[in-house]
Amino acid sequence: MRAWPTGRLAYGGDYNPEQWPRAIWRADVDLMHRAGVSFVTLGVFSWSWLEPHKGEYEFGWLDDVMDLMAEADIAVDLATATASPPPWLTTAYPDILPRTADGVIMWPGSRQSWCPSSPIFADASRALVTQLAQRYHSHPALAMWHISNEYACHNLPCYCDTCAAAFRTWLQNRYGTTDALNHAWGTAFWSQRYTDFEQVLPPRRTPTFHNPTQVLDYHRFGSDTLLGLYRGERTILADLSPGVPVTTNFMTMTGFRLLDYNQWAPEQDVVSTDHYRVAALPNATAELSFQGAVTRGLAGGAPWLLMEHSTSAVNWQPVNPAKPLGGTIHDSLTHVANGADTIGYFQWRASRAGAEKWHSALVPHAGADSARFAEVCRLGAAAAALGEVAGSRVEAAVAILYDFQALWAASGPAMPSAAADYPEMAQAVHKSLRDMGITADVVHPSADLSRYRVIVVPTLYLVTDEHAAAIAAAAEAGAQVLVTYFSGISDEHDHIRLGGYPGAFRELLGVRVEEFNPLLDGDEVGLLAAGPGRSNEAGAAATGADTAGADVGTGRRWSEWCAVTDAAPLWTYAGGPCAGSVALARRHTGSGAAWYLGTLPDEAALANVLASITEAAGVGPVVAELPVGVEAIRRRAADGRSWVFLLNHTDDPITVPLSGFDVLTGAVTDGHAALTAGGVAVLREE
Ligand code: GAL
Ligand code: ZN
């Protein structure tokens, strides 16, 4: 075994040599050296090549690739190859195949067609992992184990009979009795009372809305089940290959919501993730940075590993635009700015055949004699130059709380508004802060909140008593806490907290909401600065407006009948059914304050609120007078050295008024850091 590359940011990607004749392998190594590649992930989908028949293994080709990598001084992140079962396995044991909510079998012929609860699949995959661990545990190229691949990507949820039985066992462990289950699920309604666990089913296709707690528990069950499989493999590796770090690649991407990564993260030796840009998303660069912050939060602030992203186009959207030249470097360094210490891609060489032949790669179809490969080589040089940054951590005084369980509950069936989306609010806040030059972490409510001076609680619909208490305690201890609409509404069973919304935060915020009035898509409501409230602070002044009654912007998505019980009203709704009700309020508590925002304000209005809050907290931007379209993030090493990443997210060159040593060019910027269109500078501060 060997250590993960140090002294430079590790750089590389998925290598699938079984797609190519051996003559190409040699050429690959030469090109990897040219590009500065220092690691590859091997074997992610190689099961049928490693075990072509049950119990008959063919490791020769992998031995040769491993030896080649050792010789070439390229570290191997060796996959356990269990992501996709071979045809012989699913043919012999068709029960392995997952089923949709309609009972339709998801057949082989693609990838990942296995049921998460299948004991046959678990046994077969563990047999393979055992072989791999025994064979390669001390191989000089082995630097990391990569368990499975993107758990849940295609096969969760599965609704088959095996899953139904496993779900019943899971519920029995969680609730003990059907009485407790009935209470948690609220089965007194719609004649759903269970008298035996045997009667319980996965939330398969039903005539109308499912029981929401059943759905929520099915999410929990699915995440736990896959985590169990992960642990099974990890235990084998720990026994047979001790000392080699273990990871599995998460998918911190918009749209992927199937696993509670907060439970998975502590079981990783290093948190790794995959991120792909979705062309149709508005604010794509903000999404990129937000997901970096999510991953950093999962890693507890430690450097993380960007296992996969793409040099250019993907092939799984309806239309797949290329990245502009320069975009490869821009995107990867945005991840590095957010705490990644490894830059990885899918995949090394673009395929000729198979389902991903139209996916970009480090070596494109055009070959090494291409503009993209030249950029790949430039990125390799940048990864080497940025070695001094490795190990440093991103500095942030703001936390945005993010909880997958709250997300599941908020996107449950039959809600006040299907459009009131948790990530939307979290990302809007993150982007607004980013545009001001303020870096925010995205962390779970159980994180150590004492590190933060501002804590944003965005649409945290479901919250436990414990987390609500931690948030209140943080305000008491001096933080400025912002809670947004539809937070603190239900408990861990998704039972509504009664007596007025937002139940869990009513006291902290000093507000009481009697009814919601979610807004239809496209509808807006005007917002006005409020007059002086209970305390003698003028509401208007707190959010940028001079006078009470002044127009402060518009809200969308949400409005509600909200009254202050113990807070200063800062904004009210100008019209609509909730006219005159409070849209923004603030309550001082201890040495901090709690703010409540009842709508999704337009960009300028949201920026005003966040400016007031960060100012009250004494939190300023990383770079003063940051030009529009540039993002600035600081990473700091344990010895005090620091670097500011300047990311130009626009198509125009921009100069930033900042001095430092530009690590990428070796030049000293004398108060004029010049960024090319889409360019990045990394300035070591003196
Ligand atoms: C990921 C996957 C890779 C590759 C990539 C394409 O989901 O892990 O194997 O399919 O997407 O974007
Ligand atoms: Zn199943």
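The values are calculated or read from the model by the stated rules, or taken from the named source; none is laboratory data. Bear in mind that the values here come from a model prediction, so they are computed numbers and not experimental data. Positions of Cβ are backbone-derived with ideal geometry, glycine not excepted, and every protein chain shown enters the neighbour counts. Surface areas here come from the heavy atoms of the whole protein model, side chains and all, with no ligands, DNA or RNA. Shrake-Rupley method; radii C 1.70, N 1.55, O 1.52, S 1.80 Å.
Of note:
- Averaged over its residues, region 255-361 has an accessible area of 31 Å² per residue, based on protein heavy atoms and a 1.4 Å probe.
- Viscosity 0.692 mPa s, 37 °C: Kirkwood-radius Stokes-Einstein D of region 374-504 over Cα pairs, µm²/s: 200 µm²/s
- Simple spin-label estimate for ASP369 and ALA280 gives 4.0 nm between the two label positions (7 Å along the Cα-to-Cβ direction from each Cα).
- Taking the alpha carbon gyration tensor of region 549-686, multiplying each eigenvalue by 5 and rooting it gives semi-axes of 40, 19, 10 Å, largest first.
- Förster radius 41 Å - calculated FRET efficiency between ALA419 and GLU388 (Cβ-Cβ, nearest 0.05): 0.35
- Surface share of carbon and sulfur [accessible, 1.4 angstrom probe, percent] for the chain: 53 percent
- For q = 0.11 Å⁻¹, Debye-computed log10 I/I(0) when each Cα of the chain counts as one equal scatterer: -1.19
- Label-to-label distance for HIS672 and THR655 is 0.4 nm, based on points extended 7 Å past Cα in the beta-carbon direction.
- In whole percents, the pair-distance distribution calculated for region 1-122 from its alpha-carbon pairs, binned every 10 Å from zero, is 12, 37, 27, 18, 6, 0.
- Distance between region 447-472 and region 22-37 - C-alpha centres, whole angstrom: 49 Å
- Probe 1.4 Å, all protein chains present, accessible-area order of SER110, SER84, largest first: SER110, SER84
- Normalised size of region 312-372, defined as Cα radius of gyration per 2.2 N^0.38 Å with N residues, equals 1.18.
- Mean accessible surface per residue for region 98-219, computed with a 1.4 Å probe while every protein chain stays in place, in Å²: 45 Å²
- Take every Cα pair under 8 Å whose residues are at least 6 apart in sequence, average their separation, divide by the length of region 251-344, and the relative contact order is 31 percent.
- Theoretical ellipticity at 222 nm over the chain - DSSP helices of four or more residues, -39500 (n - 2.57) apiece, nearest 500: -9500 deg cm²/dmol
- Per residue accessible area in Å² of region 534-686, where ligands, DNA and RNA are left out and the probe is 1.4 Å: 41 Å²
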